[in-house]
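The values are calculated or read from the model by the stated rules, or taken from the named source; none is laboratory data. If you're wondering where the values come from, they're calculated on a predicted model, not measured in any experiment. Cβ sites come from the backbone with ideal geometry, for glycine too, and all protein chains shown count toward neighbours.
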Amino acid sequence: RWSVDKYVDDLGSYPHISQAADFLINNEVVAFPTETVYGLGGNAESDDAVARIFAAKGRPSDNPLIIHIAEEQQLSSFVEEIPEMATRLMKAFWPGPLTLIFKKKEGKISEKATPGVSTVAVRMPDHPVALALLKKAGIPIAAPSANRSGRPSPTTADHVWDDLNGDIAGLVDGGPTGVGVESTVLDCTEPVPVILRPGGVTKEQIEAVIGEVRVDPALADVDHAPKSPGMKYRHYAPDAPLHLVDGSKEFLQMLVDEKKAEGLSVGVLTTEENQDFYQADFVVACGKRVNLNTVASSLYDALRKFNHTKADVIFSEMFPLEGVGHAVMNRLMKAAGHRVINS
Ligand code: TXA
Ligand code: MG
C-alpha cells in the first residue's frame, strides 16, 4: 500500500508510481484513485491480468470492463472507428467522468475484458495519480471499481483495503475521490447516443455539446432488459436491507418507529439538513441536500458506514432527479433492490 500526495509536482518520477506501474506491466492488479471512485487496474491486453481482476472482485465474468487511457492516441489501437460526436465529447469532457462506448477493433484488448460484446468502453480519468500511473505503465488499463462485487464502490483507500486486502498486488492511496459516483457510460455506436449509466457528467452537459441523447429505457423500467451488462446485478448494497422512502420526514420517522416496536435496530440515511430530526438507532448523513454533488461524493461512504453498525433495516430519503441526482437515485435504487415505500 503506497501513499501518494496528488498535489506533488512531477508525479511521473515518483517511486511509488513507478513501482505500481511495474506491477501493471507484469500483469499484476493494482488499485488506484480516480476522480469518481477507486479502480482495480490490470493490463487490458493480458488474459491473466484481466482474470486476476475478476477473481479479486468476485465479479461475474460476463460483465465487461472499462479501459482506462491517459492519451487519446491510445484509442486507435483497439477502437474501430471514432464517430465525430465522440471526438467532440472527448474534447469537452476528457479527462473526466464520461465513459464512451466504441466499436471494438479485434485482436488487441483481451477477450476476457470485453466478454460477449463487439464494443469497448473507454475513459480518461481526471485524477493526477491515475494519469501519472497510466502514462508510466503505457498500456491500456482495464479497471472496474475496486470493491468486492455487489458492495458499494470505494471512494477511499480504506474502502478498497476493507474489501480486497490480500487479493491484490498493490493499492495506491491518493486520498478520497471527488465525484463519488462512477462515470457516465454513453454508447456512441448508435446514431443517437444512449446513456447506459448515469454518472458524473449529466445528460444536460452532454446535450449541450452534441444535441439529443437518449437514456436506456432499462434505467427507468426494472422489467426492461438492460443493455449494459453491469446494470442487471444487485449492487452498491449495504448488508442490511435498504428501503427508499418517498414521503415526508414524518412518514419516514413513522416507519422507523414501527420497526423499533418490532424490536429491530433501525438505520436512517439522510442529509445534514435533516440529520437531527430522526430518532433512530443509527442516523447517517450524506452531504447536503442543497448541493447534490456533496450527496454523490459521500453516498458510498454513508452506505458502507451501516456495515459497521448493527442496523437490521435501513430507511433512506430520496433525491430529486436533476443533474447528478440521476446518478445518486440510480445507485440508491440498485442498493435498495428497487424497494420504494410510498406514503
Ligand atoms: O467511474 C468509473 O467508471 C469507474 C472508475 C474506476 O473508472 N469504473 C467503473 O467500472 O465503474 P465498473 O466495471 O464498475 O463499471 C463499468 C460499467 C458496467 O456497468 C459495465 O457493464 C459497463 O460499464 N460496460 C463496460 N463495457 C461495456 C460495453 N462494451 N457495453 C456496455 N456496457 C459496458
Ligand atoms: Mg462497479
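Let me confirm something: among V160, V192, V122, V181, which residue is assigned to a loop (DSSP other than H, G, I, E, B), modelled with pLDDT of 95 or more, within 12 Å of ligand 1 (Cβ to nearest atom) and not acidic (D, E)?
V181
Which count do you get for residues in the range 282-308 that are crowded, with 17+ Cβ neighbours inside 10 Å and more than 23 Å from P97 (Cβ to Cβ)?
Within the range 282-308, residues that are crowded, with 17+ Cβ neighbours inside 10 Å and more than 23 Å from P97 (Cβ to Cβ) number 6.
Just give me the residues in the range 142-191 being under 17 Å from E35 (Cβ atoms), out of contact with any helix residue (DSSP H, G or I) (no Cβ under 9 Å at 6 or more places or on another chain) and more than 12 Å from ligand 2 (Cβ to nearest atom), in sequence order.
Matches in the range 142-191: A157, V160.
Looking at the structure I just gave you, is I206 surrounded by 21 or more Cβ atoms within 10 Å (Cβ to Cβ), out of contact with any strand residue (DSSP E or B) (no Cβ under 6 Å at 6 or more places or on another chain) and farther than 26 Å from L40 by Cβ?
Answer is yes for this residue.
Test I67 against the stated conditions and say whether it is of a type in the set (A, V, I, L, M, F, W, C) and under 22 Å from the mean Cα position of the chain (by Cα).
yes
Within the set of pairs 6 or more residues apart or between chains, which connect a residue that is surrounded by 18 or more Cβ atoms within 10 Å (Cβ to Cβ) and of a type in the set (S, T, N, Q) inside the range 18-39 to a residue that is modelled with pLDDT under 95 and in a loop (DSSP other than H, G, I, E, B) with Cβ atoms less than 6 Å apart?
Note: pairs meeting the criteria are T36/G200.
Select from the range 123-141 the residues that are of a type in the set (V, I, T) and more than 16 Å from ligand 2 (Cβ to nearest atom) and list them in ascending order.
The answer is V129, I139.
Take the range 101-119 and flag every residue that is in contact (Cβ under 8 Å) with a residue 24 or more places away in the chain and either part of a strand (DSSP E or B) or hydroxyl-bearing (S, T, Y) (or both).
I101, F102, K103, K104, S110, T114, T119
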